[in-house]
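Structure record follows, encoded as structure tokens.
Each reported figure results from applying straightforward, stated rules to the coordinates on display, with no laboratory input. Owing to the predicted nature of the structure, the values given are computational and were not obtained by experimental measurement. So basically every Cβ, Gly included, is an ideal-geometry build from the backbone, and we count neighbours across all protein chains shown.
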Amino acid sequence: MNYNFNFSCTAHFMNIHRVQHWNVSKPAVSSRGGIVASQNRIASAAGAQILAAGGNAVDAAVATGFALAAVEPWNSGLGGVGFMLVYLARENRVHVVDFGPISPHALNPADYPLTGGFTSDLFTWPTVADDRNVHGPMSIAIPGHVDGMATALEKFGTMAFRDVMQPAIGLADEGLAVDWYLTLKVATMARELFRYPATRDIWLPGGLPPVTAPGAPLSRLKLTGLAATMRHLAAAGPRDFYEGDIAAGIVRDLRAMGGNLSASDLKDFRARIVAPIETRYRSARLALPPQLTAGPTMLRALAPLRDIRFQPGGPQADAFIAYAAALHDAYAERLATMGENSDRRDPSTTTHLNVIDSHGNMVALTQTLLSVFGSKVVLPSSGVLMNNGIMWFDPRPESPNCLAPGKRALSNMCPVIALREGKPWFAIGASGGRKILPAVYQISSFLIDHGMSLSDAFHQPRIDASGGDAVGVDPRHPDATLKALAAKFPIDLTELVVYPTNFACPSAVLRDPESGAHYGITDVMSPWSGAVAAD
């Protein structure tokens, strides 16, 4: 019986269709000083520039966060939301800056009638008429990004807001290089981007995705209005986005489109400083984001691992079986009590960055527009691409995560900071929707349980168990691991590829407690990602 199972299982593994036939690696960066690691190396360099100028980790994180709006705009930006974890060495303490999604106070659930079908974009929610919770002006939650960045800077940074904005302004002036990856990202969303005039004018010149001709120097795509908005914001201050000229333009544009975001929604918005969830896990003290994030679910998934003694020699079949079982149970609890759904089919957007400075301060920042290109709405008066945070709510009225006015939505974001022996150790996070938690969870275990280096942990094949019965498994795992997982769970052999994002896009920085050296690394398969040292 075992022989027959193993034979058919092995044959299945050998005969899967392979998208790629190479092994990709990405180097880690090491430094005695500061490091910025993000999903766009140009943005990381902007943050490293701030560190080199004397800024601390928060200054650099804010600069990088704004720079990403100019060089990775489909993932995050001024119209987005997020969570930031800040470790301050002088306090030996982690703080959480919460600028997560909140629905407009004028939102009326009756304006989102169900059609009887089911959507396939990120969540298998029941379909809403005209997909108005997925794209367009009624899909937009209150944008917290600007106030979140400003609040972090005021509370924990050392530099002026106008100064940390300068790298982003310069990048927005320069425009985006039209390489193959930009063409790919726009092409995958071209149908949706075509719906809205200001969006179409920027992203689909001539009605088609931008392409640089073969052999020609890379052309540049200008994000119309964004540089001017950033320049105005730097001069007028961050609250202008909520109470000044920029705010008036946001409300005017959305009112003309039929949106429900109001002037009072913007004026009343304030990012919150809240306490993290903290837990002791083996040799580490972990700080996780609280409340309606993936932090409580990661805490739940760590519990079954505490009494397990893993086989030596790095993560093997026993470890991945334990990960899959723990994640399966944690997600079952999450979906039942927090209201999220388990669809795994379509890509999401989000970006993550980490910073460590020469003093040991650390930041783990996750920021997002939710879907790729968010609501698909670029505001004509400002050039700001808005989020579609309303999609995070279940449109069914009986759900714990149901649509309601002025309500916080459940999110997948999971930035984490780890300390060991009372000193900062690593900061980590990822983009990738529900796949964020499994990636952060496994890499954290690789570092804590298996003693792997940061580079080895990021190149180690992972699994994805983010809801549903089947476990996504990277076929690069050894045959023994593949067979052991297949004996316990239904599995889907899923490659680690550039597109789609099958295993999330993690990044991290780490301080070696023994040598004091700093390391940074980003997602191996992200072509634009990179860690940059400040020295």
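Tabulated data for the structure shown
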read-out	value
C-alpha center-to-center spacing [the range 205-222, the range 401-457] in angstrom	36
The range 59-122 - convex hull of alpha carbons, volume per residue in Å³	156
Measure of compaction for the range 131-250 (Cα Rg per 2.2 N^0.38 Å)	1.24
Alpha-carbon Rg with Dmax, taken over the range 471-524, Å	15.7, 43
Per-residue [θ]222 nm for the chain (sum of -39500 (n - 2.57) over DSSP H runs n ≥ 4, rounded to 500)	-10000 deg cm²/dmol
Cleavage-rule hits, trypsin sites (Lys or Arg not before Pro), the range 117-195, DSSP coil, Cβ neighbours within 10 Å at most 13	Arg195
Exposure proxy order (Cβ contacts within 10 Å, fewest to most) of Ser139, Ser262	Ser262, Ser139
Neighbour-count order for Cys414, Cys402, fewest beta carbons within 10 angstrom listed first	Cys402, Cys414
Kirkwood-based shape ratio for the chain, expressed as Rg/Rh from alpha carbons	0.95
Built amide H within the under 5 Å cut-off of Thr127, gap 5+	Thr115, Gly116, Gly117, Phe118, Thr119
Order of Leu221, Leu107 under a 10 Å beta carbon neighbour criterion, fewest first	Leu221, Leu107
Where the Cα pairs of the range 221-367 fall when distances are cut into 10 Å bins, in %	8, 21, 29, 22, 14, 6, 0
Sparsely packed trypsin sites (Lys or Arg not before Pro) within the range 21-112, loop by DSSP, other Cβ within 10 Å at most 13	Arg32, Arg90
The range 427-438 - phi-based ³J(HN,Hα) in whole Hz, Karplus 6.51/-1.76/1.60, Gly and Pro as x	10, 8, x, 7, 10, x, x, 5, 6, 4, 4, x
Pairs of Lys in the chain closer than 28 Å at Cα, counting only those 8 or more apart or on different chains	17
Computed Kirkwood radius, in angstrom, where 1/r is averaged over Cα pairs of the range 360-484	17.6
18 Å cut-off, amide nitrogen to a point 7 angstrom out along Arg285 Cα→Cβ, residues in the range 410-448	416-428, 448
The range 342-432: C-alpha pair distances exceeding 18 Å, %	60
Set of the range 361-388 residues, backbone N closer than 15 Å to the point 7 Å along the Cα-Cβ line of Ala89	361-363
Trypsin sites (Lys or Arg not before Pro) within the range 273-334: DSSP coil, no more than 16 neighbouring Cβ in 10 Å	Arg282, Arg306, Arg309
Percent breakdown of C-alpha pair distances by 10 Å bin, ordered from the shortest bin, for the range 432-535	14, 44, 31, 10, 2
Extension gain, Glu421 back to Ala332 (0.36 nm per residue minus Cα-Cα distance, nm)	28.7 nm
The range 337-483: antiparallel DSSP beta bridges as a percent of all, rounded to 5	95
Amide H contacts under 5 Å for Val471, placed H, 5+ residues apart	Ile491, Asp492
Kirkwood-based Rg to Rh ratio, the range 68-176, C-alpha trace	1.08
Spherically averaged projected area of the range 153-195 from its Cα convex hull (nm²)	5.2
Paired Rg and Dmax values of the range 184-302, which use every Cα atom, in angstrom	21.2, 57
